[in-house]
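A.B. asks: One structure, pasted below without further comment.
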């Protein structure tokens with residue numbers, strides 16, 4: 001018997017970052033929006049825990065116990081007093097190490113798939129508790145839609161979205177380490193008094209109205225200067241997308257994927273073609289939001 005779960009990527013339309021805490025994490029006001037790029041995680045009964053992966057950049061995905069999908073299976077099995085024997089196969093379509101929570105998506109997908117396969121009957125709250133133990137972005141990967149994440153990003157409040165938003169994602173060569181980007185954020189802000197992170201009222205209103213022009217004016221990512229410091233070439237990608245007609249562009253999360261908000265599908269196709277022609281990225285993906293969270297297929 002096998003169970004397959006489809007789980008979406010995300011874009012942070014606002015990522016407000018507070019000062020480093022004593023535990024090394026940062027308080028966040030993180031406005032998540034799930035987008036229609038998906039990984040699929042298939043769980044099959046097995047004698048031992050095993051992870052395989054196929055798809056773009058699959059060679060960059062760890063197949064050992066550091067993979068969040070493997071850790072999700074282990075945590076669920078431990079909670080319910082059973083062995084973690086399962087074969088998890090990840091069909092990868094979310095960019096790897098791209099700031100779009102692909103690893104977190106796989107963790108959430110594996111958790112839901114194993115829960116269904118093993119019949120553990122975990123409640124939504126239990127699943128979200130395990131997600132929060134796995135990582136800051138994993139709870140949102142489970143729920144999808146739109147949400148404000150506070151704390152490390154794991155405490156979620158659902159947000160209203162009044163329409164469809166169109167996006168183009170420019171995939172860069174190579175990845176960026178999230179801890180390295182946060183470390184650079186700390187370095188760049190060493191002598192700066194960082195305010196408490198808070199969601200933008202104007203941005204939340206733009207989401208609720210479904211107004212892409214208003215949302216474009218309020219997109220913000222406090223990690224962007226750090227990502228650009230570590231990968232200066234991303235500035236050329238951002239400039240190319242804006243020049244091609246995007247309403248706005250920003251680094252997605254910790255990068256190096258860049259996200260461009262566009263008014264409609266026609267503009268999305270034009271911006272994607274221009275980005276590829278610019279030579280500043282290796283792929284351009286067109287999609288829309290919001291998208292549903294992890295779901296059995």
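The values are calculated or read from the model by the stated rules, or taken from the named source; none is laboratory data. Predicted model, so just to flag it, every value in this text is computed and none were measured. We place every Cβ from the backbone using ideal geometry, glycine too, and count neighbours over all the protein chains shown.
A.B. asks: Which one is nearest to residue 217 (Cα to Cα), of the residues in region 241-281 that are part of a helix (DSSP H, G or I) and out of contact with any strand residue (DSSP E or B) (no Cβ under 7 Å at 6 or more places or on another chain)?
C.D. replies: If we take residues in region 241-281 being part of a helix (DSSP H, G or I) and out of contact with any strand residue (DSSP E or B) (no Cβ under 7 Å at 6 or more places or on another chain), then 243 is nearest to residue 217 (Cα to Cα).
A.B. asks: Further, regarding this structure: Being part of a helix (DSSP H, G or I) and surrounded by fewer than 20 Cβ atoms within 10 Å (Cβ to Cβ) is true for just one of 197, 179. Which residue is that?
C.D. replies: Just a single option satisfies the conditions, and that option is 179.
A.B. asks: Name the residues in region 182-194 that are assigned to a loop (DSSP other than H, G, I, E, B) and either loosely packed, with under 14 Cβ neighbours inside 10 Å or out of contact with any strand residue (DSSP E or B) (no Cβ under 9 Å at 6 or more places or on another chain) (or both), would you?
C.D. replies: Passing the criteria: 190, 191, 192, 193.
A.B. asks: So which of 215, 238 ends up being assigned to a helix (DSSP H, G or I) and either without any contact (Cβ under 8 Å) to a residue 24 or more places away in the chain or not assigned by TED's automatic domain parsing to the domain that holds residue 283 (or both)?
C.D. replies: After applying the criteria, what remains is 238.
A.B. asks: Which of the residues belonging to region 225-256 are under 15 Å from residue 100 (Cβ atoms) and either modelled with pLDDT under 95 or surrounded by fewer than 22 Cβ atoms within 10 Å (Cβ to Cβ) (or both)?
C.D. replies: Answer for region 225-256, where residues must be under 15 Å from residue 100 (Cβ atoms) and either modelled with pLDDT under 95 or surrounded by fewer than 22 Cβ atoms within 10 Å (Cβ to Cβ) (or both): 252, 253, 254, 255, 256.
A.B. asks: What is the number of the single condition among (1) farther than 28 Å from residue 269 by Cβ; (2) surrounded by fewer than 24 Cβ atoms within 10 Å (Cβ to Cβ); (3) without any contact (Cβ under 8 Å) to a residue 60 or more places away in the chain that residue 163 does not meet?
C.D. replies: Evaluating residue 163 over (1) farther than 28 Å from residue 269 by Cβ; (2) surrounded by fewer than 24 Cβ atoms within 10 Å (Cβ to Cβ); (3) without any contact (Cβ under 8 Å) to a residue 60 or more places away in the chain leaves (1) as the failure.
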